[in-house]
Amino acid sequence: MTFEEKLLFEQSAVGRTGADLEEGTAEKLCTGQTPRQSIGLPEVSEPQVVRHFTRLSQQNYAIDTNFFPLGSCTMKHNPRINEKIARLDGFADIHPLQPDETVQGALALMYELEQWLCKLTGLAKTTLNPSAGAHGELTGAMIIRKAHEQRGNPRKIILVPDSAHGTNPATAAMCGYTCKTIPSNKDGLVDMAAFEEALNEDVAAFMLTNPNTCGLFEPNVKAIADKLHSIGAYFYCDGANFNAICGKVKPADLGVDVMQFNLHKTFSTPHGGGGPGSGPVAVCEALAPYLPTPHIQKNKNGTFKLQHNSANSIGRIRSFQGQFGMFVRALSYMKSHGVDGLTKASENAVLNANYVLAHLKNHFNTPFNKDDKSFCMHECLLSEKWQKQHGITTHEIAKALLDHKIHPMTVYFPLVVGGAMLIEPTESEPKEVLDQFIAVMKKIADEAKQPGAKEIFGKLPKQTFHKKLDEVKAARQPKTTFEGP
Ligand SMILES: *Cc1c(COP(=O)(O)O)cnc(C)c1O
């Protein structure tokens with residue numbers, strides 16, 4: 001798409017309309033109230049509207065059109081069977097205020113999804129209520145706070161590694177905790193000496209992502225759990241990267257007490273641009289009484305009901321019971337894969353990331369995967385170090401990818417690596433797509449070494465409709481309203 005799509009306001013012509021009702025009919029069809037004078041909507045014909053939105057949809061870069069290697073975000077194929085099931089009338093046309101007796105199938109589905117999440121984690125009980133990963137974190141931290149309060153002292157500190165997703169420290173702060181950062185060691189893992197030094201009776205919990213955001217499995221995870229438990233603190237696992245280990249290991253076996261899922265990442269739902277998501281939370285037996293309401297109760301006669309009262313619950317964390325459409329997609333994904341299929345998906349996600357890593361490690365600096373025996377999990381981490389010697393940064397490498405019609409990887413995250421490039425190919429990409437991506441990345445690395453490269457890269461992208469943007473201005477002075485043609 002090499003033209004600018006005009007706003008509908010700019011296409012508007014006085015008196016043009018999409019509806020061909022006779023004069024006065026629209027008013028009669030209304031409620032009898034006097035229609036408002038013009039509210040300034042664009043005046044356009046039906047074909048103009050159809051073309052406008054169709055063209056906008058074609059300008060989207062999406063997982064359905066191309067490779068989307070965003071690290072940590074898990075942009076993988078969303079099987080169409082999930083969509084088909086989620087659109088069945090009995091799922092799509094129900095309302096959260098319907099009496100429980102009229103939505104037994106929906107409640108049964110939610111109950112079954114909870115059972116799957118418990119089985120896959122080894123944890124005792126699950127809530128489906130939270131609306132996204134970050135909301136799940138908040139719910140988990142509130143549960144931890146309530147549990148400590150019940151024992152007489154909410155405690156003061158939550159420990160977070162420096163490689164953590166930004167939502168982790170934000171969650172700790174929102175729950176009234178002071179966040180203490182635990183540094184990573186030279187291998188990109190928790191610095192155990194610093195972790196042990198930070199442990200004391202004020203520590204409420206440690207929030208760890210495993211595999212972490214450097215794409216590495218934390219080998220000391222068991223020792224971390226034991227040390228936390230020995231001082232009465234809880235072990236929170238940010239489960240956004242569960243797609244790397246699903247079916248391979250149960251977080252409960254690693255000593256995890258609380259974990260949120262990102263259903264939209266691990267169990268597939270079209271997402272991006274902030275939604276839609278779903279962030280269920282699984283907890284160990286000791287924390288189960290604090291789960292939010294409502295929760296699903298299976299009655300003795302096999303029927304289900306939403307339980308709204310629970311003595312020690314943290315209470316409601318949102319309206320109704322959660323993002324039902326995502327529950328349908330997730331359970332459809334799980335049932336169509338089976339546990340074996342989910343395990344295979346994790347294995348292939350890890351295999352694909354290692355394939356990319358192996359082919360690019362001689363062309364880009366790999367801060368934590370130096371030798372041939374060093375593997376990553378479901379995402380691989382590169383840095384700009386070698387290209388920077390020629391004056392070329394991660395920012396410019398990302399822009400060069402745009403000219404090859406590839407969506408850039410996650411850039412400048414995690415913060416522990418300067419000029420980070422975090423690549424998550426996911427299991428749903430075939431070898432040919434990975435080979436093409438690898439070839440483009442090698443070409444970029446080669447071009448970055450040529451004389452005059454700094455100047456050439458500084459002007460990219462050239463193939464996109466909008467060329468190099470002033471990103472600082474876009475962030476500081478965004479223009480978000482139409483001010484007239
Ligand atoms: C995506 C992600 C989150 C936040 O999840 P949302 O659903 O976007 O709120 C938290 N932690 C990690 C590691 C993530 O990748």
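The values are calculated or read from the model by the stated rules, or taken from the named source; none is laboratory data. Note that the structure is a prediction, hence the values are computed from the model and not measured. In this analysis, Cβ positions are derived from the backbone assuming ideal geometry, glycine residues included, and neighbour counts consider all displayed protein chains. Side chains included, ligands, DNA and RNA excluded: accessible areas come from the protein's heavy atoms. Shrake-Rupley method; radii C 1.70, N 1.55, O 1.52, S 1.80 Å.
If we scan region 206-220, do we find a residue that is in the same structural domain as Cys284 (by TED's automatic domain parsing), within 15 Å of the ligand (Cβ to nearest atom), more than 20 Å from Gly166 (Cβ to Cβ) and in contact (Cβ under 8 Å) with a residue 24 or more places away in the chain?
yes
What's the number of the only condition in (1) surrounded by 15 or more Cβ atoms within 10 Å (Cβ to Cβ); (2) of a type in the set (Gly, Ala, Ser); (3) free of Cβ contacts under 8 Å to residues at least 12 places away in the same chain that Ser57 fails to meet?
It is condition (1) that Ser57 fails.
Quick check, is Ser336 in contact (Cβ under 8 Å) with a residue 40 or more places away in the chain and either hydrophobic (A, V, I, L, M, F, W, C) or within 16 Å of the ligand (Cβ to nearest atom) (or both)? Before you say what the answer is, go through the steps one by one.
Numbers: in contact (Cβ under 8 Å) with a residue 40 or more places away in the chain: yes; either hydrophobic (A, V, I, L, M, F, W, C) or within 16 Å of the ligand (Cβ to nearest atom) (or both): no.
Answer is no for this residue.
State whether one or more residues within region 339-349 are surrounded by 21 or more Cβ atoms within 10 Å (Cβ to Cβ), part of a helix (DSSP H, G or I) and among the charged types (D, E, K, R).
No: zero hits.
Return yes when Thr102 is among the hydroxyl-bearing types (Ser, Thr, Tyr), away from the ligand (no atom under 14 Å from the Cβ) and part of a helix (DSSP H, G or I) and no when it is not. So that I can check it myself, show each step before the final result.
On the way: among the hydroxyl-bearing types (Ser, Thr, Tyr): yes; away from the ligand (no atom under 14 Å from the Cβ): yes; part of a helix (DSSP H, G or I): yes.
Yes, satisfied.
Looking at Thr393, Thr366, which is the one that is in contact with a strand residue (DSSP E or B) (Cβ under 8 Å, 6 or more places away or on another chain), without any contact (Cβ under 8 Å) to a residue 40 or more places away in the chain and more than 19 Å from Trp116 (Cβ to Cβ)?
Numbers: Thr393 fails: in contact with a strand residue (DSSP E or B) (Cβ under 8 Å, 6 or more places away or on another chain).
Matching residue, one of Thr393, Thr366: Thr366.
Can you find a residue that is crowded, with 24+ Cβ neighbours inside 10 Å, aliphatic (A, V, I, L, M) and assigned to a loop (DSSP other than H, G, I, E, B) anywhere in region 247-263?
yes
What number of residues within region 242-292 satisfy the criterion of being within 14 Å of the ligand (Cβ to nearest atom) and either hydroxyl-bearing (Ser, Thr, Tyr) or modelled with pLDDT under 95 (or both)?
Qualifying residue count, region 242-292: 12.
Hey, could you check region 64-77 for residues that are within 19 Å of Leu342 (Cα to Cα) and crowded, with 19+ Cβ neighbours inside 10 Å and say which is farthest from the ligand (Cβ to nearest atom)?
So the first thing to find is which residues in region 64-77 are within 19 Å of Leu342 (Cα to Cα), and the list is 72-77.
Keeping just the survivors that are crowded, with 19+ Cβ neighbours inside 10 Å gives 72-76.
On the way: Ser72: 4, Cys73: 6, Thr74: 8, Met75: 11, Lys76: 13 Å.
Looking at residues that are within 19 Å of Leu342 (Cα to Cα) and crowded, with 19+ Cβ neighbours inside 10 Å, I get Lys76.
What pairs come up if the first residue lies in region 164-178 and is within 18 Å of Lys146 (Cα to Cα), the second is part of a helix (DSSP H, G or I) and within 8 Å of the ligand (Cβ to nearest atom), and their beta carbons are under 6 Å apart, counting only those six or more places apart or on different chains?
Thr171/Glu137
Tell me which of these Leu159 doesn't satisfy, since it passes every other one: (1) crowded, with 20+ Cβ neighbours inside 10 Å; (2) out of contact with any strand residue (DSSP E or B) (no Cβ under 8 Å at 6 or more places or on another chain).
Among (1) crowded, with 20+ Cβ neighbours inside 10 Å; (2) out of contact with any strand residue (DSSP E or B) (no Cβ under 8 Å at 6 or more places or on another chain), Leu159 violates only (2).
Scan region 164-182 for residues that are outside any strand (DSSP E or B), more than 16 Å from the ligand (Cβ to nearest atom) and in contact with a strand residue (DSSP E or B) (Cβ under 8 Å, 6 or more places away or on another chain) and jot them down.
Going residue by residue through region 164-182, those that are outside any strand (DSSP E or B) are 164-177.
Then keep just the ones that are more than 16 Å from the ligand (Cβ to nearest atom); that gives 176-177.
The answer is Tyr177, and nothing else.
Is there a residue being assigned to a strand (DSSP E or B) and either surrounded by 11 or more Cβ atoms within 10 Å (Cβ to Cβ) or touching a strand residue (DSSP E or B) at 6+ places or on another chain (Cβ under 9 Å) (or both) anywhere in region 398-416?
Within region 398-416, the first condition is being assigned to a strand (DSSP E or B), and the residues that meet it are 410-411.
Still in the list and also either surrounded by 11 or more Cβ atoms within 10 Å (Cβ to Cβ) or touching a strand residue (DSSP E or B) at 6+ places or on another chain (Cβ under 9 Å) (or both): 410-411.
Looking through region 398-416, at least one residue is assigned to a strand (DSSP E or B) and either surrounded by 11 or more Cβ atoms within 10 Å (Cβ to Cβ) or touching a strand residue (DSSP E or B) at 6+ places or on another chain (Cβ under 9 Å) (or both).
Please verify whether region 221-235 includes one or more residues that are of a type in the set (Val, Ile, Thr), part of a loop (DSSP other than H, G, I, E, B), away from the ligand (no atom under 16 Å from the Cβ) and more than 20 Å from the chain's Cα centre (by Cα).
Taking region 221-235 as the starting set, the residues that turn out to be of a type in the set (Val, Ile, Thr) are 221, 224, 231.
Then drop every residue that is not part of a loop (DSSP other than H, G, I, E, B), which leaves 231.
So of that shortlist, the ones also away from the ligand (no atom under 16 Å from the Cβ) come out as 231.
Going one step further and asking which of them are more than 20 Å from the chain's Cα centre (by Cα), we end up with 231.
Yes, that holds for at least one residue.
What number of residues within region 78-98 are loosely packed, with under 14 Cβ neighbours inside 10 Å and either among the β-branched types (Val, Ile, Thr) or in a helix (DSSP H, G or I) (or both)?
So in region 78-98, the residues loosely packed, with under 14 Cβ neighbours inside 10 Å come out as 80-81, 84, 87-90, 92-93, 95-98.
Filter again for either among the β-branched types (Val, Ile, Thr) or in a helix (DSSP H, G or I) (or both), leaving 80-81, 84, 89-90, 92.
Within region 78-98, residues that are loosely packed, with under 14 Cβ neighbours inside 10 Å and either among the β-branched types (Val, Ile, Thr) or in a helix (DSSP H, G or I) (or both) number 6.
Considering each of Glu112, Glu101, Glu137 in turn, give the residue that is modelled with pLDDT of 95 or more, open to solvent by 80 Å² or more (accessible area, probe 1.4 Å) and farther than 30 Å from Ile438 by Cβ.
Values: Glu112 fails: open to solvent by 80 Å² or more (accessible area, probe 1.4 Å); Glu137 fails: open to solvent by 80 Å² or more (accessible area, probe 1.4 Å).
Of Glu112, Glu101, Glu137, the one residue that is modelled with pLDDT of 95 or more, open to solvent by 80 Å² or more (accessible area, probe 1.4 Å) and farther than 30 Å from Ile438 by Cβ is Glu101.
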